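Note sheet for the following structure.
The values are calculated or read from the model by the stated rules, or taken from the named source; none is laboratory data. These numbers were taken from a predicted model, which means no experiment stands behind them. A quick note on method: Cβ atoms are made from the backbone with ideal geometry, for glycine too, and the neighbour counts reach across all protein chains shown. Only protein heavy atoms, including side chains, enter the accessible area calculation; ligands, DNA and RNA are left aside. Shrake-Rupley method; radii C 1.70, N 1.55, O 1.52, S 1.80 Å.
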Amino acid sequence: MSRARAAQRKPADAAPLFAALGDATRLRLLKRLCADGPGSIAQLSTHARVSRQAITKHLEVLDAAGLVRSHREGRERIWRLCPDRLDDAHAFLDRISTEWDEALERLRALVER
């Protein structure tokens, strides 16, 4: 989805995305997928502060938010980052920033009258 289309979506559409991003473990998983590329649960849980089961649950939340996807390779499920969804988050934040700037400008104009 383009930034322009993402910015036009309702703010409530972004709630699952930002809820998924609002957890430190999930952010570490995204950072790791970004830095190291796709990985299995075993790889992603190496040096993790939580169990493999917890990693799986976190990946499922990220998957539901569209931030990661997985596919099977033999007996393993390989997870990869979906950067387009991060673009959606950026577009929503840009939209909020623009609206905030416009509101502050209206306030400034009102105060200066």
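Which residue out of Gly66, Gly74 is modelled with pLDDT of 90 or more and in contact with a Cys (Cβ under 9 Å, 6 or more places away or on another chain)?
Numbers: Gly74 fails: in contact with a Cys (Cβ under 9 Å, 6 or more places away or on another chain).
Going through Gly66, Gly74 in turn, just one is modelled with pLDDT of 90 or more and in contact with a Cys (Cβ under 9 Å, 6 or more places away or on another chain): Gly66.
Taking Asp63 as the residue in question, decide whether it is in contact (Cβ under 8 Å) with a residue 60 or more places away in the chain, within 19 Å of the chain's Cα centre (by Cα) and either surrounded by fewer than 13 Cβ atoms within 10 Å (Cβ to Cβ) or within 18 Å of Gly22 (Cβ to Cβ) (or both).
No.
Would you check which residues across the stretch 10-57 are aliphatic (A, V, I, L, M), touching a His at 6+ places or on another chain (Cβ under 9 Å) and open to solvent by 30 Å² or more (accessible area, probe 1.4 Å) and list them?
Val50
Within the stretch 75-103, restricting attention to residues that are assigned to a strand (DSSP E or B) and either open to solvent by 40 Å² or more (accessible area, probe 1.4 Å) or hydroxyl-bearing (Ser, Thr, Tyr) (or both), which residue is nearest to Thr25 (Cα to Cα)?
Step one: of the stretch 75-103, the residues assigned to a strand (DSSP E or B) are 76-81.
Retained after the next criterion (residues that are either open to solvent by 40 Å² or more (accessible area, probe 1.4 Å) or hydroxyl-bearing (Ser, Thr, Tyr) (or both)): 76-77, 80.
Values: Glu76: 21, Arg77: 19, Arg80: 16 Å.
My answer is Arg80.
Residues Arg26, Arg95, Arg75, Arg80: which one is in contact (Cβ under 8 Å) with a residue 24 or more places away in the chain and farther than 26 Å from Ala12 by Cβ? Don't jump to the end; show me each part of the working.
Values: Arg26 fails: farther than 26 Å from Ala12 by Cβ; Arg95 fails: farther than 26 Å from Ala12 by Cβ; Arg75 fails: in contact (Cβ under 8 Å) with a residue 24 or more places away in the chain.
None of the other options fit; the residue is Arg80.
Of all residues in the stretch 30-67, which are not polar (S, T, N, Q) and not in a helix (DSSP H, G or I)? Reasoning before the result, please.
Start the filter on the stretch 30-67 by keeping residues that are not polar (S, T, N, Q), which leaves 30-39, 41-42, 44, 47-50, 52, 54-55, 57-67.
Listed by number, the residues that qualify are Gly37, Pro38, Gly39, His47, Ala48, Arg49, Val50, Ala65, Gly66, Leu67.
Which is assigned to a strand (DSSP E or B) and open to solvent by 80 Å² or more (accessible area, probe 1.4 Å), of Arg72, Arg106?
On the way: Arg106 fails: assigned to a strand (DSSP E or B).
Among Arg72, Arg106, only Arg72 is assigned to a strand (DSSP E or B) and open to solvent by 80 Å² or more (accessible area, probe 1.4 Å).
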